[in-house]
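Visitor: Here it is: the structure, laid out below.
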Amino acid sequence: MFWVIVSFVALLFLLRKYVVPAVNDVLDARAKRISDEIEAAENSRKEAERLLEEHRTQLAEARANINQMMEQAQKDATANREKAMAELDADLSKKKDAAMAEIDTARKKAMSEIRGVAVDVAMEVAEKLIAKSVDKKQAESLANEAIEKIGEAKDQVH
């Protein structure tokens, strides 16, 4: 038994002197590698969070710019529409005024022609009445002739 104890103590001594330090070195290296990987992962996570926040900020700025551009485009479109409407109103007003002036001129011309024809007819009726004495039947006939001539003159004007 003595040799078993001596062998056991010798084995423990050899294990402690050579094997345990080697195992400890392997475990320490593994622990350091794991610690370095954890630190690298933490740094990567922080960098990813920073980039995510940066992208969120850029996205918010882009959205704000888009909203601003949309508002400006709407304002420009409204201003252009109002300008076009004002120009159209002015153009229509000018055309209306020109048409009204043309209508007024045509009306005055027609009235002048009608007056001329009416004077001619009245003079003719008066000449015929003065030239001979007429009874009621002849007066009606002369009046009907005068009305027909006025109608014919009116048709010629149009």
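Visitor: Within the range 70-95, which residues are more than 10 Å from the chain's Cα centre (by Cα) and either among the aliphatic types (A, V, I, L, M) or surrounded by fewer than 10 Cβ atoms within 10 Å (Cβ to Cβ) (or both)?
Guide: Selection gives ALA79, ALA84, MET85, ALA86, LEU88, ALA90, LEU92.
Conditions tested, residue by residue: (1) under 46 Å from the mean Cα position of the chain (by Cα); (2) modelled with pLDDT of 95 or more.
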position: LEU14; (1), (2): no, no
position: LYS17; (1), (2): no, no
position: LEU27; (1), (2): no, no
position: GLU42; (1), (2): no, yes
position: LYS46; (1), (2): yes, yes
position: GLU53; (1), (2): yes, yes
position: ARG56; (1), (2): yes, yes
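Visitor: Let me ask another. Could you check the range 64-117 and list, in sequence order, the residues that are under 24 Å from GLY151 (Cα atoms), without any contact (Cβ under 8 Å) to a residue 12 or more places away in the chain and of a type in the set (Gly, Ala, Ser)?
Guide: The answer is ALA106, SER112, GLY116.
The values are calculated or read from the model by the stated rules, or taken from the named source; none is laboratory data. These figures come from a predicted structure and were not determined experimentally. Cβ sites come from the backbone with ideal geometry, for glycine too, and all protein chains shown count toward neighbours.
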